[in-house]
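K.L.:
One structure, pasted below without further comment.
The values are calculated or read from the model by the stated rules, or taken from the named source; none is laboratory data. All of these numbers come straight from a predicted model, not from anything done at the bench. So basically every Cβ, Gly included, is an ideal-geometry build from the backbone, and we count neighbours across all protein chains shown.
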């Protein structure tokens, strides 16, 4: 079965330190992977995606993610965290069994808390 | 561009009542989606549409219905509301193709009591 796992409910990091939010996936075929961020009482905002090509993907607000095929992971990273990065982060993978419908399977989300 | 808009922002329903959640996008996207978000559960797909006149069930369609008469609008209908439908509902849209990201509306917070 296709799935996305975010093993940490919450990640705490001090401002200025690097951050990593973990994501692993299980899909058949080539994965299309996405990261979204949700601020309180808002909808989800797209951060970045991996479709093909370079394993290191750069996105909005200084975030990047590393695709690792052998470990089936797509961890979100940022070299220096800001307090304003505190939010709920979702990893998602395209449902490869749905033939170009664009359907996504979401992880359960990871709350990132950046302390001053 | 307003992007994806949803109305209402909040609603309280009594058990057994019905309502329609409105969703409109102005990006000329063919693909539209309805999700529900429950704490600690991520997003679950309710229904989706790949174009006007075409809809299909997602992971959790029971108790809901949709229609897609135009490219812009994708309303979600709740019939006979139940407490289990208390949730935050998000509408999203994307351009055609599986590689395109989805754009989300601000959500509707629904409470059924």
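K.L.:
Failed condition for residue B:101, given (1) part of a loop (DSSP other than H, G, I, E, B); (2) surrounded by 19 or more Cβ atoms within 10 Å (Cβ to Cβ); (3) modelled with pLDDT of 95 or more, with all others met?
P.N.:
So residue B:101 meets the others, but not (3).
K.L.:
Which residue, of B:43, B:76, is within 14 Å of chain A (Cβ to nearest Cβ), within 13 Å of the chain's Cα centre (by Cα) and surrounded by 17 or more Cβ atoms within 10 Å (Cβ to Cβ)? Can you show your working first?
P.N.:
Details: B:76 fails: within 14 Å of chain A (Cβ to nearest Cβ).
None of the other options fit; the residue is B:43.
K.L.:
Now for a separate question. Is it the case that region B:27-38 has a residue that's closer than 20 Å to residue A:4 by Cβ and not in a strand (DSSP E or B)?
P.N.:
Restricting attention to region B:27-38, the residues satisfying the condition of being closer than 20 Å to residue A:4 by Cβ are B:31, B:33-38.
Now narrow it down to the ones that are not in a strand (DSSP E or B): B:38.
Yes, region B:27-38 has at least one match.
K.L.:
Of the residues A:90, A:46, which single one is in contact with a strand residue (DSSP E or B) (Cβ under 9 Å, 6 or more places away or on another chain) and either farther than 29 Å from residue B:23 by Cβ or free of Cβ contacts under 8 Å to residues at least 60 places away in the same chain (or both)?
P.N.:
On the way: A:90 fails: either farther than 29 Å from residue B:23 by Cβ or free of Cβ contacts under 8 Å to residues at least 60 places away in the same chain (or both).
Within the list A:90, A:46, the selection yields A:46.
K.L.:
Inside region A:43-56, can you point out the residues that are over 17 Å from residue B:95 (Cα atoms), within 10 Å of another protein chain (Cβ to nearest Cβ) and modelled with pLDDT of 90 or more?
P.N.:
Residues of region A:43-56 that are over 17 Å from residue B:95 (Cα atoms), as a first pass: A:43, A:52-56.
Okay, now just the ones that are also within 10 Å of another protein chain (Cβ to nearest Cβ), so A:43, A:52.
Passing the criteria: only A:43.
K.L.:
Taking into account only those residues within region B:81-98 that are more than 8 Å from chain A (Cβ to nearest Cβ) and either in contact with a helix residue (DSSP H, G or I) (Cβ under 6 Å, 6 or more places away or on another chain) or outside any loop (DSSP other than H, G, I, E, B) (or both), which is nearest to residue A:47 (Cα to Cα)?
P.N.:
B:93
K.L.:
So, in region B:59-71, of the ones that are closer than 23 Å to residue B:17 by Cβ and assigned to a loop (DSSP other than H, G, I, E, B), which residue ends up farthest from the other protein chains (Cβ to nearest Cβ)? Talk me through it step by step, then tell me what you get.
P.N.:
Of region B:59-71, the ones closer than 23 Å to residue B:17 by Cβ are B:60-67.
When the remaining residues are screened for being assigned to a loop (DSSP other than H, G, I, E, B), the result is B:60-63, B:67.
On the way: B:60: 13, B:61: 13, B:62: 18, B:63: 20, B:67: 18 Å.
So the residue we want is B:63.
K.L.:
Count, please, the residues in region A:60-87 that happen to be within 14 Å of chain B (Cβ to nearest Cβ) and either surrounded by fewer than 18 Cβ atoms within 10 Å (Cβ to Cβ) or more than 20 Å from residue A:25 (Cβ to Cβ) (or both).
P.N.:
2
K.L.:
Residue B:111 passes all but one of (1) in contact (Cβ under 8 Å) with a residue 24 or more places away in the chain; (2) surrounded by fewer than 20 Cβ atoms within 10 Å (Cβ to Cβ); (3) within 11 Å of chain A (Cβ to nearest Cβ); (4) outside any loop (DSSP other than H, G, I, E, B); which number fails?
P.N.:
Here residue B:111 meets the rest and fails (3).
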